[in-house]
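I have placed the structure first, in the form of structure tokens, so that the comments after it can refer back to it.
The values are calculated or read from the model by the stated rules, or taken from the named source; none is laboratory data. None of the values given here were measured: they were computed from a predicted structure. In this analysis, Cβ positions are derived from the backbone assuming ideal geometry, glycine residues included, and neighbour counts consider all displayed protein chains. Just so you know, the surface numbers come from the protein's heavy atoms only, side chains and all, with ligands and any DNA or RNA stripped out. Shrake-Rupley method; radii C 1.70, N 1.55, O 1.52, S 1.80 Å.
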Amino acid sequence: MHPQQAIMNECSFILSIMPELLQGAITSVLVAMAAISLGVVLGISVCQMRRSQFWGFKRAAGLYISFMRGIPVLVILFLLFYLPSAVNIEVPSLLVAVLALGLNTSAFQAEIYRGGFNSIPVGQIEAAKALGLSRMRILTRIQLPQVLSLTGPELVNEFIILFKNSSLISVIGVTELMRRSEQLVSTTYKPVEVYLAAAIIYLALCLIISRLGERLKGKH
């Protein structure tokens, strides 16, 4: 076969499998979005514990951050997947995926938020206290909006990392982009073409997310 014709055939094959791979990519994005949302809630909570005046809270938050940052995501996935089954509890693979990624990112987000809180001028908090605002109102009305704005770029980077780490959840049976790729390889016997198409989708989506993050940063 003429080399040019062979290249055209391969390109045609890659285009033909794109719709199926994109279905898996949608699952990857949705899992990453759910995990980053869980990470925001847990991350802010852990960050507040880390900044607490109580030694026990600070110590517990520090241990949590060290533990979650020190263990590979794959190990967390396997622990959450197999531990419940050891006591005859069935947990859906999709839920395990969101929990594992959410717990992992929450530890990194906690440190991101801590930097954001530390960058807020102390005078703002003292003025709010002088006006009689409660600690919760100061947190929700003054601190959090500024922290989320200041840490926006880091959170976008964290979402990109989560999206790429979502490729690991294929090991517990979640049919995301990587799992779809493996299924196609097993039926088409064209691993190079299939994984090249998957790489193109990963790269394209990461670039889109990064560009959206830059635009949001520009608006602020």
| query | Assigning unit charges at the beta carbon (Lys, Arg +1; Asp, Glu -1) and nothing else, what dipole magnitude in debye, to the nearest 20, does the chain show about its Cα centre? | reply | 1080 debye
| task | Enter the accessible area per residue of the chain (Å², integer; probe 1.4 Å; all protein chains in place). | result | 58 Å²
| message | Below 8 Å between Cα atoms, with a sequence gap of 6+, how large is the relative contact order for the stretch 97-187 in percent? | response | 34 percent
| request: Report the net charge of residues surrounding residue 51, where surrounding means a beta-carbon distance below 11 angstrom and charges are Lys +1, Arg +1, Asp -1, Glu -1. | output: +3
| Relative contact order (percent) for the chain, with alpha-carbon contacts under 8 angstrom and 6 or more residues of separation? | 31 percent
| message | For P(r) over Cα pairs in 10 Å bins from 0, in percent, pick the label among (1) 7, 27, 31, 19, 10, 5, 1; (2) 7, 30, 31, 18, 10, 3, 0; (3) 8, 26, 28, 20, 11, 5, 2, 0, 0 that corresponds to the value derived from the coordinates. | response | (3)
| note | Among the Cα-Cα pairs of the stretch 50-160, the proportion with separation greater than 22 Å, in percent, is 49 percent
| task | With unit charges on the beta carbon (Lys/Arg positive, Asp/Glu negative), name the residue among 213, 5, 29 whose Cα is farthest towards the positive pole of the charge dipole of the chain. | result | 213
| Carbon + sulfur, % of accessible area of the chain - ligands and nucleic acids excluded, 1.4 Å | 66 percent
| remark: Within the under-14-Å Cβ sphere about residue 107, not counting residue 107, Lys/Arg +1 and Asp/Glu -1 give a net charge of 0
| note | Per the 1/(1 + (r/R0)^6) rule, R0 = 30 Å and r from the Cβ atoms of residue 196 and residue 216, FRET efficiency to 0.05 is 0.45
| Based on the alpha carbon coordinates of the stretch 110-207, what radius of gyration and maximum Cα-Cα distance (Dmax) apply, in Å? | 21.8, 70
| request: Distance between Cα centroids, the stretch 40-68 to the stretch 173-217: provide it in whole Å. | output: 34 Å
